[in-house]
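The next block holds one structure in the form of structure tokens; read it before the comments.
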Amino acid sequence: MIAPLLMPDLEASEKRKIRSEILEREGISERTLRRYLAAYRKENYEGLKPKERNDAGQLKAIPEEVLNHAITLKKELPGRSVERIIRILEGEGIAGKGEISRSTLSRHLKNMGFATADLKQTKASGQAARRFQKSGRNMLWQSDIKYGPYIPTEKGGKKRTYMVAFIDDATRLVCHAEFYDNQRLPILEDCFRKAVLKYGKPDAVYVDNGKVFLSRWFRVACAKLGIKHMNTKSYSPESKGKIERFNSTVEAFLEELSLEKAKNLEELNRKFRIWLDEGYNNKEHSSLKGQSPMQAYTGDARKVRFATPEDCHDAFLWEDTRKVDNTGCFKLNGIEYEAGIEYIRKKVDIRYDPFDMSQVEIWHNGEKRRTVNPLKIGEYCGRTEKAESAVKVSRSR
């Protein structure tokens, strides 16, 4: 919500306009917006997290049938307010009086792409191409996922690959692109992290509305890094033209690859990196007046906002909650870790890199307590004399 106000180089008049748009769209007061901005500037993303409430853990969901009716009402008339939708739902007996809060319904509609601003943007598709033609590097990146070639498996079968790419809108530079052999892991986040480490933080990133692009963790990473996250409808060529044209260019690489197929994922990506460097990023681009994407990017005087490796590491960590057992241990993704006897029967927050489970961070009451490694085969979690005593004490309570 506040990401547009965090973009650098904004004129005072632009800030005032953006403020007014946020207040109107979100239905919040000027004081609330100032509080959000102050919290972000003081503690970054952590400052925006809701504080612990007495009713924490209670479900705040809206029944699917009620939500579907609300979406229908919003699509019928995009300018229809959330308050008006709630009154209609209550008047028609679809929802009980006071059953739905304005903030909850507003959040659901926004997350699903049915906020007023989203619907207006979709209707204005005739000007979409001009709106997304940016003038400077890192003002906007676009991303997409493309089906790649099959690679052989160890058991003699074959496995589909998927290419994820991020392209700079103004210079056509592909900041990072890579093939992956599954969509279970957060491949979008991994590719984006590598792109940010190489070329800095974009002001905004524009992605598809497909399932993999609606990842909560991708949105969280963007928020932590101060990057505006934007969604488009699937198969929307007017707003994803540059990344789709790059995908077509990749077909030339795949044709070359068919003459000498890659034996594994590592070989596929090694060949792709060479092609990307020589056959695209450093090759003259038809829309850049004789320049290559790399020349256009490096020749742009616009300041780059770099992220430190530490910032990127923190931004892309996943979070989960686990209850520590009577031996001071917990399991995450089938791997056992030791939290410590002081957390027996307590809930702890775990932050971790899903691509590297060799260490995870343990947080409690909003503070990082320690980093731990998986227990090795043969180790007994918490089976020290001190731990056994603690277990007996906890059981006697």
Quiz prompt | Condition check for Leu257: in contact (Cβ under 8 Å) with a residue 24 or more places away in the chain and farther than 27 Å from Cys222 by Cα | solution = yes
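How many of the residues making up the stretch 337-369 are part of a strand (DSSP E or B) and surrounded by 15 or more Cβ atoms within 10 Å (Cβ to Cβ)? Let's see the steps before the verdict.
Looking only at the stretch 337-369, we keep the residues that are part of a strand (DSSP E or B), and these are 337-338, 347-353, 356-364, 367-369.
Now restrict to residues that are surrounded by 15 or more Cβ atoms within 10 Å (Cβ to Cβ): 337-338, 348-353, 357, 360-364, 369.
Residues meeting the conditions: 15.
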Quiz item: What is the one condition in (1) modelled with pLDDT under 80; (2) surrounded by 16 or more Cβ atoms within 10 Å (Cβ to Cβ); (3) under 20 Å from Met1 (Cβ atoms) that Lys74 does not satisfy?
Solution: (1)
Practice problem: Tell me which of these Gln127 doesn't satisfy, since it passes every other one: (1) in a loop (DSSP other than H, G, I, E, B); (2) modelled with pLDDT under 90. | Solution: (1)
Practice problem: Within the stretch 194-218, count every residue that is buried (at least 20 other Cβ atoms within 10 Å of the Cβ), at pLDDT 90 or above and closer than 18 Å to Phe179 by Cα. | Solution: 2
Exercise. For the stretch 11-28, name all the residues that are modelled with pLDDT under 75 and more than 24 Å from the chain's Cα centre (by Cα).
Key: Glu24, Gly27, Ile28
Exercise. For the stretch 308-328, state whether one or more residues are assigned to a loop (DSSP other than H, G, I, E, B), surrounded by fewer than 19 Cβ atoms within 10 Å (Cβ to Cβ) and at positive phi.
Key: no
Exercise. Only residues that are assigned to a loop (DSSP other than H, G, I, E, B), at pLDDT below 85 and more than 22 Å from the chain's Cα centre (by Cα): list them for the stretch 81-113, please.
Key: Glu92, Gly93, Ile94, Ala95, Gly96, Lys97, Gly98
Quiz item: Within the stretch 137-173, how many residues turn out to be buried (at least 22 other Cβ atoms within 10 Å of the Cβ), in a strand (DSSP E or B) and β-branched (Val, Ile, Thr)?
Solution: 2
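The values are calculated or read from the model by the stated rules, or taken from the named source; none is laboratory data. Keep in mind that this is a model prediction, so the values were computed, not measured. All Cβ positions, glycine included, derive from the backbone under ideal geometry; neighbour counts span all protein chains shown.
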